[in-house]
Amino acid sequence: MASETSDSINVVLCGTSSASHVLAAVLSAHADVELSLFTRDATKAHDWNIFLRHDHLTVDAPDGDGGRVVRAANSFAVTSDPTQAARRCDIVILSLPAFLHARYLASLAPHLQDGCVIVGLPGQCGFEFDVRQALGERIERFGVVNFDSLPWICRIIEFGKKAWISGTKEVIAGAMRGDPTEIRIADPLSTLRRLLGEPPRLVVSGHLLGITLRSPNASNHPPMMYSRWKDWDGAALESPPLFYEAIDEQAVSLLVEINREVLATAERIMAENPEVDLSQVIPGYDWEIASYGPVITDQTSLLTAIRTNSGYRGIEHPMFSVAQGKFAPDFGHRFLTEDVPFGLVVIRGIAEIAGVPTPGIDAVVSWSQERLGREYLTSSGLDGRDVATTRCPQRYGFTTLRQVLGY
């Protein structure tokens, strides 16, 4: 199925996150791209359009030679109308917090024509479950792509106006589901590679479930929060501790333990379903080197790789001010609010269905749900009162691996 517009590619970019700011600049730079940014927030759409009438979004990024360069985006549309956004759409890119995916997909799904490619960048754990729920039986006439992480470490400097990239990954992994003959654009993966540019290099292979299990945010952020704060006595700190550069051996040991549980889950699924390729699920050290190798000073071990990654330089634990010059940990940060219910809990649910024990994951989930005032995990498994607010397979009624795999 070829696109109705052979001379252009219609892309819908969802959300107003820092990544959406950068993507708006990257995508709008292509002369053959008609870009619409869709936000469900009418006020943000209005404010951004007002700015764009007189100026351009700019992105400050590394130039590859140790310096920096400021690039200006070309013009693009911002809308809060899903009908307008979805018109003649070829590619939908969701680059916003995972808890918003279902809402955006529900808004767009009725207006999307068959043959669209829906991309999670990153989709986070269980992205394909939300897409399947939104599209229903139509899923077979769409392409679905999920990537394990963002191409960049970035932040917003000024909403709608300025964004900053502090680091770019060397490679990001993805997987795709869909019949190529049903897709509106002839070669969606080559198209995505061209539109995003290099670096990072996009490596797309295997089953979508491999990207869910591979998720670095899920496997790293909550365990690192747990390790740093599980014994916290409640006393305020003089300054926020560094998140990556100050990681210790105890935290790394937990990362390794959880990674083993994830790898064991992938191996069990592949053993029972030989046709399923989950080879994207790799050791945490291998992920760090593949993603950031050139900017890691000491590649001796996972500990040194994390500590000496210049892309992580200066990133602090999420904190809030409790008094002048005093700080306390912010347990309402996305490292827990997103990366637990839309990350580690999803992996825990898949492992439960696969019959793989997860003591390391269980310890982190149990601690995290207390900090969040939620209940996901009980003594009998993932059947807590708040499971419906997660993206674990149990929340969709999946009880077998075949259901999880989408068969």
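The values are calculated or read from the model by the stated rules, or taken from the named source; none is laboratory data. Everything numeric in this text was worked out from a predicted model, so none of it was measured. Here Cβ is always computed from backbone atoms with ideal geometry, including for glycine, and neighbour counts include all displayed protein chains. Protein only, heavy atoms only, side chains kept; ligands, DNA and RNA dropped before computing areas. Shrake-Rupley method; radii C 1.70, N 1.55, O 1.52, S 1.80 Å.
Beta carbons closer than 9 Å, at least 6 apart along the sequence or on distinct chains, pair a first residue in the range 188-204 that is touching a residue at least 40 places away in the same chain (Cβ under 8 Å) with a second that is acidic (D, E) and open to solvent by less than 60 Å² (accessible area, probe 1.4 Å) for P188/D90; T191/D90.
Considering only residues in the range 207-233 that are open to solvent by 30 Å² or more (accessible area, probe 1.4 Å), in contact (Cβ under 8 Å) with a residue 40 or more places away in the chain and assigned to a loop (DSSP other than H, G, I, E, B), the one that is nearest to A363 (Cα to Cα) turns out to be K230. If you go through the range 215-248 and pick out every residue that is touching a helix residue (DSSP H, G or I) at 6+ places or on another chain (Cβ under 9 Å) and at pLDDT 95 or above, you end up with 21.
Condition check ((1) modelled with pLDDT of 95 or more; (2) surrounded by fewer than 24 Cβ atoms within 10 Å (Cβ to Cβ)) across all residues:
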residue	(1), (2)
T337	yes, yes
V346	yes, no
I350	yes, no
I361	yes, no
W367	yes, yes
D386	yes, yes
Y407	no, yes
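When we screen A77, A19, A24 for residues that are touching a residue at least 40 places away in the same chain (Cβ under 8 Å) and under 15 Å from K161 (Cβ atoms), the only hit is A24.
If you check R385 against the conditions, is it of a type in the set (D, E, K, R) and out of contact with any Phe, Trp or Tyr (no Cβ under 6 Å at 6 or more places or on another chain)? Answer is yes for this residue. Under 7 Å by Cβ, and 6 or more places apart or on different chains, what pairs join a residue from the range 259-286 that is of a type in the set (A, V, I, L, M, F, W, C) with one that is in a helix (DSSP H, G or I) and open to solvent by 40 Å² or more (accessible area, probe 1.4 Å)? Taking only residues 6 or more apart or on different chains, the pairs are V276/M270; L278/M270.
Listed here are the residues, each with its yes/no results for (1) surrounded by fewer than 16 Cβ atoms within 10 Å (Cβ to Cβ); (2) over 26 Å from F147 (Cα atoms); (3) of a type in the set (A, V, I, L, M, F, W, C).
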{"residue": "D60", "(1), (2), (3)": "yes, no, no"}
{"residue": "G66", "(1), (2), (3)": "yes, yes, no"}
{"residue": "F76", "(1), (2), (3)": "no, no, yes"}
{"residue": "S80", "(1), (2), (3)": "no, no, no"}
{"residue": "Q84", "(1), (2), (3)": "yes, yes, no"}
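Scanning the range 30-58 for residues being more than 20 Å from S8 (Cα to Cα), surrounded by fewer than 13 Cβ atoms within 10 Å (Cβ to Cβ) and charged (D, E, K, R) gives a total of 3.
The helices (runs of 4 or more DSSP H) located wholly in the range 306-407 that include 3 or more residues which are closer than 30 Å to P240 by Cβ occupy 334-337, 345-354, 359-372.
Kindly evaluate T308 against the criterion of being open to solvent by 60 Å² or more (accessible area, probe 1.4 Å), touching a residue at least 12 places away in the same chain (Cβ under 8 Å) and touching a Ser or Thr at 6+ places or on another chain (Cβ under 6 Å). When the stated conditions are applied, T308 does not pass them. If you go through the range 362-407 and pick out every residue that is in contact (Cβ under 8 Å) with a residue 24 or more places away in the chain, polar (S, T, N, Q) and under 30 Å from E137 (Cβ atoms), you end up with 5. Selection of the range 234-263 for residues being surrounded by 14 or more Cβ atoms within 10 Å (Cβ to Cβ) and farther than 21 Å from S301 by Cα yields L237, P240, P241.
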